[in-house]
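Colleague: The structure's right below; bear with me while I get my questions together.
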Amino acid sequence: MRFTTALVLSSVLYAAEIVSATGSPSGCNANNCLRAVRATAFPTRPGTADCSSFFSTTIETKTSTEDVGGVITTVTYLETTIPTHIPAYASACDGPVKYSSACSCIGVTPVTTIIPPTCAPGTLSCNGGACQDILSDPENCGACGNKCEAGASCSNGQCSVPTCDGSSCGSLNGCGSDCFCFREAGGNGFCGPNVPCAPLKDCASNAECEIGEVCAISTCCNRPVCLSSCALARRSLDGNFLGSRDIEDGWTGGQPAAKF
């Protein structure tokens, strides 16, 4: 079944109506419906399992493309699934409200599962919602909720640093401990680590680097290299820093990083 957002809200309200009708276990009546649901001693009557399944609501975010006046538009919608199957052994329950009440009386509670959408490369579902662009969106740069500073742009999941614009080898500005201002292939400045050049990947554009890296064109490596932000690189390459101080192939900042 496919629902729009409005229909999903209606279905959730319907589920809430069923749950509110169940009452509390202390007010349970030992009628034929409840007796049938409680008969879990029989292998063919898994009352608790069936009730859990009946009380399981799934809401999934999906996308589709539509041609609106010749313009292909991506539409995000919610699809909700509410089980309605009542086991044959519980036929005495006479409808979903009575069956839900009996399920509540044996201690089963409703569960709603929200399934995030399957996102294309370069996008992520933030908080179970629609897929967000994490390659160029300064509000979600490289990760959901990672906001770039005011005036900064997002290149391949990496925030630019406006104060680093124009920096190049020979006149690199510092931007933190063992960090320098570099320029990436798009022309923006960013703050990167001082690391050995040898293991860094060659590049000609940001698109050739991994998400969260940019193609740094102004380091002292004498070639454009893929480089992540200072904070990310220090977390992932600390071991390389410690074991690579004698490498003579050059460092992005022109000299080995200071001990830390």
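Throughout, read-outs are computed from the coordinates displayed, never taken from laboratory work. Since the model is a prediction, treat every value here as computed from it, not as a measurement. Every residue, glycine among them, receives a Cβ derived from its backbone with ideal geometry; neighbour counts consider all protein chains shown.
Colleague: Expressed in nm to one decimal, what extension gain is obtained for the pair I211 and K147 from 0.36 nm per residue of sequence separation less their Cα-Cα distance?
Modeller: Values: separation 64, 0.36 × 64 = 23.04 nm, distance 1.57 nm.
This chain segment gains 21.5 nm when fully extended.
Colleague: Could you give me the ³J(HN,Hα) list for segment 188-193, computed from phi with Karplus coefficients 6.51, -1.76, 1.60 and θ = phi - 60°, whole Hz, x at Gly and Pro?
Modeller: 8, x, 8, 9, x, x
Colleague: Provide the per-residue ³J(HN,Hα) series for segment 100-105, in order, calculated from phi with Karplus coefficients 6.51, -1.76, 1.60 and θ = phi - 60°, each as a whole number of Hz, with x at glycine and proline positions.
Modeller: Residue by residue, segment 100-105 yields 4, 4, 5, 4, 4, 5 Hz.
Colleague: Counting only residues 5 or more places away or on other chains, whose amide H sits under 5 Å from the amide H of S155 once H atoms are built in the peptide plane?
Modeller: Under 5 Å from the amide H of S155 lie the amide H atoms of S160, each far enough along the sequence or on another chain.
Colleague: Computed FRET efficiency, Cβ-Cβ of A92 and N127, R0 51 Å: what is it to the nearest 0.05?
Modeller: Values: r = 43 Å, r/R0 = 0.83.
So the FRET efficiency works out to roughly 0.75.
Colleague: Given H placed on each backbone N at 1.01 Å, which residues far from C126 in sequence or on other chains put an amide H within less than 5 Å of it?
Modeller: Placed amide hydrogens put Q132 under 5 Å from C126.
Colleague: Full-extension gain between S52 and D202, please, as 0.36 nm times their residue separation minus the C-alpha to C-alpha distance. Mind dumping the intermediate values first?
Modeller: On the way: separation 150, 0.36 × 150 = 54.00 nm, distance 5.45 nm.
Between S52 and D202, full extension yields 48.6 nm more.
Colleague: Let me ask you something else. Which FRET efficiency, nearest 0.05, do D67 and R223 yield, Cβ-Cβ r, R0 45 Å? It would help to have the intermediate numbers written out before the result.
Modeller: Numbers: r = 46 Å, r/R0 = 1.01.
Result of the calculation: an efficiency of 0.50.
Colleague: Output wanted: per-residue J couplings in Hz (rounded whole) for segment 167-172, from phi through Karplus 6.51 cos²θ - 1.76 cosθ + 1.60, θ = phi - 60°, x for Gly and Pro.
Modeller: 6, 8, 4, x, 9, 6
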